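Asker: Before I ask anything, here is the structure I am working with.
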Amino acid sequence: MKNIYILLICITCLSSCQKEKADLIVINSNSYTVNSTFERTEAFAVKEGKFIAIGSTKDIQKKYQSKKIIDAKQQTIVPGLIDAHCHFYRMGLQQQKVNLEGTTSYDDVLEKLVEFQKEKNTSYITGRGWDQNDWDVKEFPTKEKLDELFPTIPVAIRRVDGHALLVNQAALNLTKITNETRVSGGEIIKKNGKITGVLIDAAMDYIKIPEASKEEAVKGLLAAQDICFSYGLTTVDDAGLDRETIELIDVMQKKGTLKMRVYAMISGDKQSQIDYYLNKGIYKTNYLNVRSFKVYGDGALGSRGAAMRKSYTDRANHFGALIYAPERYQEIAKQIAASEFQMNTHAIGDSANTWLIETYNNVLKNKQNRRWRIEHAQIISSEDFKNFHNILPSVQPTHATSDMYWAKDRIGKERMKGAYAFKDLLTNYGKVALGTDFPVEKVNPFLTFYAATVRKDLNNFPENGYQMENALTREETLKGMTIWAAYSNFEENEKGSIEVGKFADFVILNQDIMTTEDKNLPKTKVVATYVNGENVYKIK
């Protein structure tokens, strides 16, 4: 009998010794791999930050052993989510400024400013988030009340889309703006011949808001990371960063304090910065990818800065404007086309989209797989959709459900046919990269999922969905938030799906977003987020 026990122990030991060691094993899950056949799996093993095996719970447990085993208990797991267009750093800085999101009137804005100043007592008040389209009086505010409340302290608060700025006289006094000032690529809004304090697009450049200190920048990046991890984001495409911020991100990632993966779009607003990075070349680590430039084509629809081919329906003889002269986009595009860098251009209005599409296709002749992106691709003329065959659309579904209340009044019924047309764009290119544009919209990617597939607001409006002919399927949407977003970053071989050899970035959810009822999608919560197989967030 003693010999039998020894034999059993030896067999057990031999079996255990034959198993390969893993750093982490996940079993009993409902995992969507988002691989080429969109397979589901029960289990996977992770070692040295990457997936090393995927299969059934039985097979994984038979072949691998680990001190860390997660029994998912049939919870849904998806690849780490990617926000293909956001402002990660800006959102982090915003946590230290006055938050004006959700304000219902100009008086509401003023109250928040007063409360903020009582608490912070700053020498220059800045903030973001107001939107006159959400107020009963849907008109741009004017600065008179600001001047009364803050006669000596400069105030500069951005509209939610970042394309309009409201300032008081104290802020204007620090500039050279006068009643005779003219702006190319923007507008100084006036009323009865007087400056109102609202500046659109290029006009905002006159306002020199104090730069964030290094301490504030670090604090902002860490705050943004915490928020993003809580929503299952493991990669963010930050649209428009300067060199100093990119280098700070790199330092923090190498120290291990910043674990968020960042696809950094270099701000293309300065020629010196374009020249520097084209000379430096593509810079890539496991956490940071610097290989693209973000260029602004026009402004936003909400502030009527989007460049339109015909005048706005609700403002005669007003067309919006390109940020730069048309020739400037050609210069930038030719310079970038001669390198391996990607060009990602903000284009909202149909005129801006037409010009950028034409510019892209002219400089990219005979150049394949460049994956140049149009960011937003919001209003497209019918004849331009076919020209997206070589241009990758990067869109934000919640823009559709945020703008749907007033967009038709702004641009008219006919142009709406090509607005927020995600399915049409997908049909022509074959992929769409999905993001939020936060903090313009909310960070929550499950609102993106809901807006893309159901196309309603959280109050179930409209009853039958908004322009449902351009809704995406749930599979298309999850791909747009994972593997297609990775593809848009030239990163599809390292992330975006749960496959052997890729980074072990994954998210455990409280419900199955592929099968739950439409109305439940916005209620999706992240149970845990993993980067490189490391738990970076766990629900409390």
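The values are calculated or read from the model by the stated rules, or taken from the named source; none is laboratory data. As the structure is a prediction and not an experimental result, all values here were calculated from the model. Cβ: placed from backbone, ideal geometry, glycine included. Neighbour counts: every protein chain shown.
Asker: Looking only at region 515-540, how many residues end up being of a type outside the set (Val, Ile, Thr), within 19 Å of residue 445 (Cα to Cα) and crowded, with 17+ Cβ neighbours inside 10 Å?
Answerer: 4
Asker: Taking residue 174 and the conditions (1) touching a Leu at 6+ places or on another chain (Cβ under 7 Å); (2) over 15 Å from residue 100 (Cβ atoms); (3) surrounded by fewer than 20 Cβ atoms within 10 Å (Cβ to Cβ), which numbered condition does it fall short on, given that it satisfies the others?
Answerer: (1)
Asker: Also, quick follow-up: How about region 476-508: which of its residues are farther than 20 Å from residue 229 by Cα and among the β-branched types (Val, Ile, Thr)?
Answerer: 500
Asker: If a residue has to be in a loop (DSSP other than H, G, I, E, B), touching a residue at least 24 places away in the same chain (Cβ under 8 Å) and either outside the structural domain of residue 196 (by TED's automatic domain parsing) or touching a helix residue (DSSP H, G or I) at 6+ places or on another chain (Cβ under 9 Å) (or both) to count, how many in region 123-141 make the cut?
Answerer: We begin by selecting, within region 123-141, every residue in a loop (DSSP other than H, G, I, E, B); these are 123-124, 131, 135-141.
If we keep only those that are touching a residue at least 24 places away in the same chain (Cβ under 8 Å) too, we end up with 123-124, 131, 135-138, 140-141.
The next check asks that each one be either outside the structural domain of residue 196 (by TED's automatic domain parsing) or touching a helix residue (DSSP H, G or I) at 6+ places or on another chain (Cβ under 9 Å) (or both); those that pass are 124, 131, 135, 137-138, 140-141.
Adding up the residues that qualify gives 7.
Asker: Quick check: anything in region 324-346 assigned to a loop (DSSP other than H, G, I, E, B) and within 24 Å of residue 132 (Cα to Cα)? Spell out how you get there, then give the answer.
Answerer: If we filter region 324-346 for residues that are assigned to a loop (DSSP other than H, G, I, E, B), which is where we start, we get 324-325, 338-341.
Next, only the ones that are within 24 Å of residue 132 (Cα to Cα) stay: none.
No: zero hits.
Asker: I need the full set of residues from region 250-285 which are crowded, with 18+ Cβ neighbours inside 10 Å and under 24 Å from residue 484 (Cβ atoms), in order please.
Answerer: So in region 250-285, the residues crowded, with 18+ Cβ neighbours inside 10 Å come out as 250, 252-253, 258, 260-268, 274, 277.
Once the filter is applied, which keeps residues that are crowded, with 18+ Cβ neighbours inside 10 Å and under 24 Å from residue 484 (Cβ atoms), region 250-285 yields 260, 261, 262, 263, 264, 265, 266, 268.
Asker: Now for a separate question. Output the residues belonging to region 508-540 that are hydrophobic (A, V, I, L, M, F, W, C) and either in contact with a helix residue (DSSP H, G or I) (Cβ under 7 Å, 6 or more places away or on another chain) or under 30 Å from residue 293 (Cβ atoms) (or both).
Answerer: Initial filter on region 508-540 (hydrophobic (A, V, I, L, M, F, W, C)): 508-509, 513-514, 521, 526-528, 531, 536, 539.
Of everything in region 508-540, those that are hydrophobic (A, V, I, L, M, F, W, C) and either in contact with a helix residue (DSSP H, G or I) (Cβ under 7 Å, 6 or more places away or on another chain) or under 30 Å from residue 293 (Cβ atoms) (or both) turn out to be 513, 514, 521, 526, 531, 536.
Asker: Can you find, within region 440-480, the residue that is nearest to residue 300 (Cα to Cα) among those that are charged (D, E, K, R) and surrounded by 15 or more Cβ atoms within 10 Å (Cβ to Cβ)?
Answerer: Applying the first criterion (charged (D, E, K, R)) to region 440-480 yields 441-442, 455-457, 463, 469, 474-476, 479.
Still in the list and also surrounded by 15 or more Cβ atoms within 10 Å (Cβ to Cβ): 441-442, 455-457, 474, 476, 479.
Numbers: 441: 13, 442: 17, 455: 21, 456: 22, 457: 21, 474: 28, 476: 27, 479: 27 Å.
This residue is 441.
Asker: State the number of residues belonging to region 305-323 that are of a type outside the set (A, V, I, L, M), surrounded by fewer than 24 Cβ atoms within 10 Å (Cβ to Cβ) and over 9 Å from residue 351 (Cβ atoms). Can you show your working first?
Answerer: The initial filter retains those residues of region 305-323 that are of a type outside the set (A, V, I, L, M), namely 305, 309-315, 317-320.
Restricting the remaining residues to those that are surrounded by fewer than 24 Cβ atoms within 10 Å (Cβ to Cβ) gives 309-315, 317-319.
Next cut, over 9 Å from residue 351 (Cβ atoms) only: 311-315, 317-318.
So the count comes out to 7.
Asker: What number of residues in region 37-58 are hydrophobic (A, V, I, L, M, F, W, C) and not in a strand (DSSP E or B)?
Answerer: First, pick out the residues of region 37-58 that are hydrophobic (A, V, I, L, M, F, W, C): 38, 43-46, 51-54.
Next, only the ones that are not in a strand (DSSP E or B) stay: 38.
The number of residues fulfilling the criteria is 1.
Asker: Taking residue 402 as meeting all but one of (1) under 23 Å from residue 431 (Cβ atoms); (2) touching a residue at least 24 places away in the same chain (Cβ under 8 Å), write down the number of the exception.
Answerer: Unmet condition: (1).
Asker: Still on this structure, please answer the following. Looking at 438, 422, 385, which one is out of contact with any Leu (no Cβ under 6 Å at 6 or more places or on another chain) and under 29 Å from residue 138 (Cβ atoms)? Don't jump to the end; show me each part of the working.
Answerer: On the way: 422 fails: out of contact with any Leu (no Cβ under 6 Å at 6 or more places or on another chain); 385 fails: under 29 Å from residue 138 (Cβ atoms).
It is 438.
Asker: Using beta carbons and a limit of 7 Å, which pairs, at least six apart or on different chains, have the first residue in region 84-106 and in a strand (DSSP E or B) and the second one basic (Lys, Arg)?
Answerer: Partner pairs satisfying both residue conditions: 98/112.
Asker: So, residue 460, is that one at positive phi and either under 20 Å from the mean Cα position of the chain (by Cα) or assigned to a loop (DSSP other than H, G, I, E, B) (or both) or not? Working first, answer last.
Answerer: Details: at positive phi: yes; either under 20 Å from the mean Cα position of the chain (by Cα) or assigned to a loop (DSSP other than H, G, I, E, B) (or both): yes.
Here the answer is yes, as residue 460 does meet what is asked.
Asker: Right, next: Could you grab the pairs with beta carbons closer than 7 Å, sequence gap of 6+ or different chains, first residue in region 482-495 and assigned to a helix (DSSP H, G or I), second one of a type in the set (D, E, K, R)?
Answerer: Final answer for the pair search is 483/492; 484/431; 486/492; 486/495; 487/431; 488/371; 488/373.
Asker: Of these, 89, 124, which one is touching a Pro at 6+ places or on another chain (Cβ under 9 Å), of a type in the set (Ser, Thr, Tyr) and closer than 30 Å to residue 211 by Cβ? Working first, answer last.
Answerer: Numbers: 89 fails: touching a Pro at 6+ places or on another chain (Cβ under 9 Å).
It is 124.
Asker: Here's a follow-up. Look through region 258-291, keep the residues that are in a loop (DSSP other than H, G, I, E, B) and of a type in the set (A, V, I, L, M, F, W, C), and return whichever of them is farthest from residue 536 (Cα to Cα). Let's see the steps before the verdict.
Answerer: As a first pass, look at region 258-291 and keep what is in a loop (DSSP other than H, G, I, E, B): 258-260, 268-270, 281-282, 285-287.
Pick out the ones that are also of a type in the set (A, V, I, L, M, F, W, C) and you get 258, 260, 282.
On the way: 258: 11, 260: 9, 282: 28 Å.
Out of the qualifying residues, it is 282.
Asker: A follow-up question, please. If I filter region 78-97 for residues that are within 28 Å of residue 477 (Cα to Cα) and basic (Lys, Arg), do I get at least one hit?
Answerer: Yes; the residues of region 78-97 include at least one that is within 28 Å of residue 477 (Cα to Cα) and basic (Lys, Arg).
Asker: Would you pick out the residues in region 179-211 that are within 21 Å of residue 150 (Cβ to Cβ), part of a loop (DSSP other than H, G, I, E, B) and not charged (D, E, K, R)?
Answerer: Across region 179-211, the qualifying residues are 207, 209, 210.
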